[in-house]
Amino acid sequence: MSRIEQLIDEIEEYIDSCKYQPLSTTKILVNKEELEELLVELRLRVPDEIKQYQKIISNQEAILSEARSQADSMVAEATAQTNELVNQHEIMQKAYASANEIIEQANGQAQAIVDNAVNDANNIRQGAVQYTDDMLRSLQTIINHTMEGARGRFDGFLTSLQSSYDIVSTNRNELAGGVVQEVPGEDRPKE
C-alpha cells in the first residue's frame, strides 16, 4: 500500500472518529490543524513518477529539437560527402547516387527518431492521466462510502426519535385517561 493510500485511510479514520455537532448527525467537529497536516503530507507524497512524466512532457520540444538537430547534422554530413565526391570527376555519377541514398537514410532515421519521441511522450502522458484517474476513482469511492454511512446513521437516528415520540404520546394519552384532549398540531414534530 502506497503512502498516499495510507494517508487517505488516515483521513477517513480521522473523519469517522470526529464527534458530531450537538443536535446533528451529519455535521462533525474537526481539528483544523490535524486535518491540514494530513492534507499537506498528502500533497508532498505525489509520486515522483508523475513529476518525472510532467518533466518529460515539458521537455518534449527539447527532445524533438535534438532529433531535428541530429537529422540536420546527418544531412549536412551527407551534403559534405556529396560535395567531395562531385569534385572528383571520374566518380561523379556514383557521388550523386550515394549522396541521395545517404540523404534518404538520414531523413528516414530523423523521422524515426521524431516518431519515437512523440510516441514516448504520448505514452507517458497517457500513463499520467490513467494514474490520476485511478486515484480520483479511489477517492470517489471513499467519499461515497462515507456519505452512505452517514445517511444510514441519520435514518437510524430519525427512526429512534419517532419511536420515542410515539411512546411518549401513548403514555400521555394513557395518563390523561381520555379526559384531556390533545390540541391538534401541539407538540408534534414538524416533518
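Is it the case, given these coordinates, that ARG125 is at pLDDT 90 or above, open to solvent by 50 Å² or more (accessible area, probe 1.4 Å) and among the charged types (D, E, K, R)?
Criteria not met by ARG125.
Out of all the residues in region 150-169, which are in contact (Cβ under 8 Å) with a residue 12 or more places away in the chain, under 30 Å from ASP9 (Cβ atoms) and open to solvent by less than 90 Å² (accessible area, probe 1.4 Å)?
Selection gives ALA150, PHE154.
Restricting attention to region 3-34, report how many residues are closer than 26 Å to GLY156 by Cβ and part of a helix (DSSP H, G or I).
Qualifying residue count for the region: 8.
Looking at region 37-77, which of its residues are modelled with pLDDT under 75 and open to solvent by 70 Å² or more (accessible area, probe 1.4 Å)?
Listed by number, the residues that qualify are ARG45, ASP48, GLU49, LYS51, GLN52, GLN54.
The values are calculated or read from the model by the stated rules, or taken from the named source; none is laboratory data. In this text the structure is predicted, and so the values were computed from the model without any measurement. Because the Cβ atoms are built from the backbone with ideal geometry, glycine has one as well, and the counts that use them run over all protein chains shown. Ligands, DNA and RNA are excluded from the accessible area calculation, which covers all protein heavy atoms including side chains. Shrake-Rupley method; radii C 1.70, N 1.55, O 1.52, S 1.80 Å.
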